[in-house]
Amino acid sequence: MIGSLRGRVLGRTSPTEKSVAAEVLLEVAGVGYRLTVTVSTLSRVVNDAEVFLFVHHHFWENDQRLYGFFSREERDAFEGLLGAHKVGPALALAIIGTYPPTELVTVLATDDVAALCQVPGVGAKTAQRLLVDLKSTLVPLLDSPAHAAAIDLTTDDQRARADVREALTSLGYGPDEIKRALAAVPANAEPDNEMVGNSAAEAGALLKLALRALAGD
């Protein structure tokens with residue numbers, strides 16, 4: 001079983017409309033290995049440069065494939081995702097490609113169904129199931145002190161953003177529009193001090209800011 005590879009990048013293949021996965025051809029000791037990677041990993045890989053990737057070697061009944069990751073945390077999260085009910089490599093890679101481990105922990109901690117719905121191929125029913133399943137299959141990631149500290153610092157803001165994401169979804173906005181709108185809203189944005197500590201008011205204020213961003217104001 002292959003756990004990691006270090007070698008020279010011979011080629012890169014971008015994802016297509018039918019797949020969110022990308023591919024890297026890595027030469028190690030004269031042998032070329034094809035590794036399926038996320039778009040974020042692909043963006044950090046340069047042709048003819050040396051790179052080190054953590055690897056998950058996945059076996060099917062009649063096939064096998066290598067998945068490459070820049071960090072051990074990404075690989076561990078990917079393998080944890082595979083332990084969830086009805087989550088295969090393609091969906092696991094799509095989730096990791098959309099939410100790196102630290103962000104995925106926050107999504108689970110805040111029960112952010114709308115966030116999971118932004119993963120290609122995930123609907124509301126699947127997102128609800130994933131929230132339950134992943135809390136048991138990603139236990140090591142969720143128990144990480146570093147990730148727990150990150151959640152403590154961002155929970156209030158992230159919960160408000162989860163409410164806003166759900167509201168925008170119900171209003172008919174698509175994943176790309178929602179992501180763009182939330183990116184335009186500063187972290188921990190609070191229009192006035194009276195709203196501090198009132199999660200509903202904070203979410204309402206964030207929703208107004210997000211709608212203004214979508215309107216181009």
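The values are calculated or read from the model by the stated rules, or taken from the named source; none is laboratory data. Remember, predicted model here, so these are calculated numbers, not experimental data. Glycine gets a Cβ as well: all are built from the backbone with ideal geometry, and neighbour counts include every protein chain shown.
Below are the figures for this structure:
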item	result
For residue 39: the one exception among (1) more than 27 Å from residue 164 (Cα to Cα); (2) touching a residue at least 12 places away in the same chain (Cβ under 8 Å); (3) surrounded by fewer than 17 Cβ atoms within 10 Å (Cβ to Cβ)	(1)
Tally of residues being surrounded by fewer than 17 Cβ atoms within 10 Å (Cβ to Cβ) and either small (Gly, Ala, Ser) or part of a strand (DSSP E or B) (or both) across region 42-61	6
Single condition residue 55 does not satisfy, out of (1) in contact with a helix residue (DSSP H, G or I) (Cβ under 7 Å, 6 or more places away or on another chain); (2) not assigned by TED's automatic domain parsing to the domain that holds residue 119	(1)
Selected residue (criterion: nearest to residue 119 (Cα to Cα)) from residues of region 1-18 that are surrounded by 14 or more Cβ atoms within 10 Å (Cβ to Cβ) and small (Gly, Ala, Ser)	11
Qualifying residues in region 71-83 (those that are crowded, with 18+ Cβ neighbours inside 10 Å and not acidic (Asp, Glu)) - the one nearest to residue 26 (Cα to Cα)	75
Residue among 81, 108 that is within 13 Å of the chain's Cα centre (by Cα) and over 22 Å from residue 165 (Cα atoms)	81
Test for residue 158: is it at pLDDT 75 or above and either assigned by TED's automatic domain parsing to the domain that holds residue 204 or closer than 29 Å to residue 36 by Cβ (or both)	no
Residue in region 60-75 that is closer than 21 Å to residue 132 by Cα and without any contact (Cβ under 8 Å) to a residue 40 or more places away in the chain present	yes
Meets criteria (buried (at least 19 other Cβ atoms within 10 Å of the Cβ), part of a strand (DSSP E or B) and among the small types (Gly, Ala, Ser)) for residue 32	no
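This table checks each residue for (1) buried (at least 16 other Cβ atoms within 10 Å of the Cβ); (2) touching a residue at least 60 places away in the same chain (Cβ under 8 Å); (3) in a loop (DSSP other than H, G, I, E, B).
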{"site": "85", "(1), (2), (3)": "no, no, yes"}
{"site": "90", "(1), (2), (3)": "no, yes, no"}
{"site": "93", "(1), (2), (3)": "yes, yes, no"}
{"site": "96", "(1), (2), (3)": "yes, no, no"}
{"site": "104", "(1), (2), (3)": "yes, no, no"}
{"site": "107", "(1), (2), (3)": "yes, no, no"}
{"site": "115", "(1), (2), (3)": "yes, no, no"}
{"site": "120", "(1), (2), (3)": "no, yes, yes"}
{"site": "125", "(1), (2), (3)": "no, no, no"}
